[in-house]
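A quick write-up on the structure given underneath.
Derivation of every value follows stated rules applied to the coordinates shown; laboratory data play no part. Quick caveat, the model's predicted, so the values are computed rather than measured. Please note: Cβ atoms are built from the backbone with ideal geometry, for glycine as well, and neighbour counts cover all protein chains shown.
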Amino acid sequence: MKKIISLSLMVVMAISFIVGCSPTENSVRPKTSEAFDSSKTINVVSREDGSGTRGAFVEIVGVLEKDPEGNEVDRTYDEAIIQNGTNAVMTTIQGDKYSIGYISLGSLNDTVKAVSINGVKATSDNVQNNSYKIARPFNVAFQDNLSPLGKDFLNFILSSEGQKIVAEEGYVQVSTELSEYNKSNQKGNLVVAGSTSVSPVMEKLAEAYQGLHSDVSIEIQSTGSSAGMQSAIEGSADIGMASRELKDSEKEKLSYEVISIDGIAVIVNNENIVEDISLDSVKSIYTGEITTWNEIIE
């Protein structure tokens, strides 16, 4: 009898041990960022020369400085990984735990994480109330002889209907006092070329406009801000897109309109433990003065 009892106790203990060691909903440890090694090098990701996002970013953050002769110099870190386009930057950050980059706020999704700047989150509301400081205009530029179709498309973009689309896509409207769009009979083709950051919202605007005008076709070319301005100047595009202020040389040849305000989100990998970075630290990272993550982690 004692042997049977002892054997039973051993079985119960064995089962308890197995159950105790088996993964259950409560016993599985949640995924944490303990594996993030803050001593690692910061892998800086930037946009290519001619990118409107880069132009705006380096100017606002202070990476663009003047040399002793008064010439503007982009001091972006020589070791930075250069990517052509918003999607390429996001893909790089998504695949590299120790990288940092910047993109249009309207393009942000959950594949990467936007850090706060000086304690302020990168949101449309904070761009609108001017508390989030890394922000820039989305401009469209065109020659004075823009076609009636081109002018009507611009009227649509700046109408209450067009600006509603701008807001729905995560950007800030140019105004809260907007006129309704008065539809007219339009037909023909338009070419809109330029910024890869402006392209996503422009595609939505073009889609909506074409839905109102069955005889209109709008081609969107994502070529970069500087290329878009050049296309508008040369006439190979009816409208150019720039995710920055126009240069004086461009203003001499083109008229322009601000169609929305966009924040520039500073992004890191989702496994990065950093949630907030000062504007000064962002500058130091992008000029190569801060090179490891533990230099900005308290």
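Could you tell me what a quarter of the Cα convex hull surface of the stretch 143-199 works out to, in nm² with one decimal place? Walk me through the intermediate numbers first.
Numbers: hull surface 19.1 nm².
Average projection, Cα convex hull of the stretch 143-199: 4.8 nm².
Report the Cα centroid-to-centroid distance between the stretch 129-203 and the stretch 235-260 in angstrom, as an integer.
13
Quick check: pseudo-label points 7 Å beyond the Cα along Cα→Cβ at Glu207 and Ser39, how many nm apart are they?
4.9
Which of the lysines could a cross-linker span from Lys97 if the Cα-Cα distance has to be under 23 Å and same-chain partners fewer than 8 positions apart are dropped?
Lys31, Lys40, Lys113, Lys121, Lys283
Between (i) 34, 22, 21; (ii) 49, 27, 15; (iii) 27, 23, 21, which entry matches semi-axes √(5λ) of the Cα gyration tensor in Å as derived from the coordinates of this structure?
Among (i) 34, 22, 21; (ii) 49, 27, 15; (iii) 27, 23, 21, the one calculated here is (ii).
Would you report the distance distribution of C-alpha pairs in the stretch 152-252 as whole percents per 5 angstrom bin, up to the bin with the largest distance?
Percent of Cα pairs in each bin: 3, 13, 22, 23, 21, 14, 4, 0.
Using a Förster distance of 25 angstrom, determine the FRET efficiency expected from the C-beta separation of Asp49 and Asn87, and round it to 0.05. Intermediate results must be reported in sequence, preceding the final value.
Numbers: r = 18 Å, r/R0 = 0.73.
With R0 = 25 Å, the Cβ-Cβ based efficiency is 0.85.
Just list whichever of Lys66/Lys133; Lys66/Lys247; Lys187/Lys247 have alpha carbons separated by over 28 Å in the model shown.
Details: Lys66/Lys133 21 Å; Lys66/Lys247 16 Å; Lys187/Lys247 32 Å.
Beyond 28 Å: Lys187/Lys247.
Measure nothing but the geometry: give the 0 to 90° angle between the long axis through the Cα atoms of 199-212 and the longest principal axis through the Cα atoms of the chain, rounded to 10°.
60
Arrange the following residues from fewest to most other Cβ atoms within 10 Å of their Cβ: Met202, Met241.
Details: Met202 25, Met241 32.
Going from least to most buried by this count: Met202, Met241.
Measure nothing but the geometry: give the 0 to 90° angle between the long axis through the Cα atoms of 148-157 and the longest principal axis through the Cα atoms of the chain, rounded to 10°.
40
Hey, can you grab everything whose amide H is under 5 Å from the amide H of Ile81? Only 5+ residues off in sequence or another chain; H modelled, so Pro and N-termini drop out.
Val44, Val45, Ser46
Just how far, in whole angstrom, is the stretch 71-109 from the stretch 269-298 if you go by their alpha carbon centroids?
14
Which log10 I(q)/I(0) values does the stretch 95-160 give at q = 0.15, 0.23 Å⁻¹ under the Debye formula, counting every alpha carbon as one identical point scatterer?
Normalising to I(0) and taking log10 leaves -0.70, -1.02.
Please give the length that would be gained between Asn155 and Asn185 if that part of the chain were fully extended, namely 0.36 nm times their separation in residues minus their C-alpha to C-alpha distance (nm, one decimal).
On the way: separation 30, 0.36 × 30 = 10.80 nm, distance 1.36 nm.
This chain segment gains 9.4 nm when fully extended.
What GluC sites (Glu not before Pro) does the stretch 161-191 have in DSSP loop regions with at most 16 other beta carbons within 10 Å? Don't skip to the answer; put the middle values down first.
Working: sites: Glu161, Glu168, Glu169, Glu177, Glu180; in loops: Glu169, Glu177, Glu180.
Here the GluC sites (Glu not before Pro) that fit, given the DSSP loop and packing criteria, are Glu177, Glu180.
So how do Val45, Val216 line up by other beta-carbon neighbours within 10 Å, fewest first?
Values: Val45 23, Val216 18.
Fewest to most other Cβ atoms nearby, the residues stand as Val216, Val45.
For the chain, which longest stretch is free of loop sites, where a loop site is one of the trypsin sites (Lys or Arg not before Pro) that DSSP puts outside H, G, I, E and B and that has at most 10 other Cβ atoms within 10 Å? Don't jump to the answer; show the numbers that get you there.
On the way: sites that count: Lys31, Lys187.
Value returned for the longest uninterrupted segment is 32-186.
For the chain, what is the mean residue ellipticity at 222 nm derived from helices alone (per DSSP H run of n ≥ 4: -39500 (n - 2.57); sum divided by total residues; nearest 500 deg cm²/dmol)?
On the way: 10 runs with 99 residues, N = 298.
Helix-only estimate at 222 nm: -9500 deg cm²/dmol.
Find which of Ile261, Thr291, Ser199 sits farthest along the positive direction of the dipole of the chain, computed with +1 on the beta-carbon of Lys and Arg, -1 on that of Asp and Glu, about the Cα centre.
Ranked along the dipole, the leading option is Thr291.
Relative to the Cα centre, what is the charge dipole magnitude of the chain, using +1 at the beta carbon of each Lys and Arg, -1 at the beta carbon of each Asp and Glu, and rounding to the nearest 20 debye? Don't jump to the answer; show the numbers that get you there.
On the way: 24 positive and 42 negative charges, 286 e Å.
So the dipole magnitude of the chain works out to roughly 1380 debye.
If each residue's Cβ is checked for other Cβ atoms within 10 Å, how do Val172, Val192 rank with the fewest at the top? Could the numbers behind the result be given before it?
Numbers: Val172 22, Val192 27.
Least crowded to most crowded, the residues run Val172, Val192.
Quick one: if you stick a label point 7 Å off each Cα along the C-beta vector at Val258 and Glu79, how many nm between them?
The answer from the label model is 3.8 nm.
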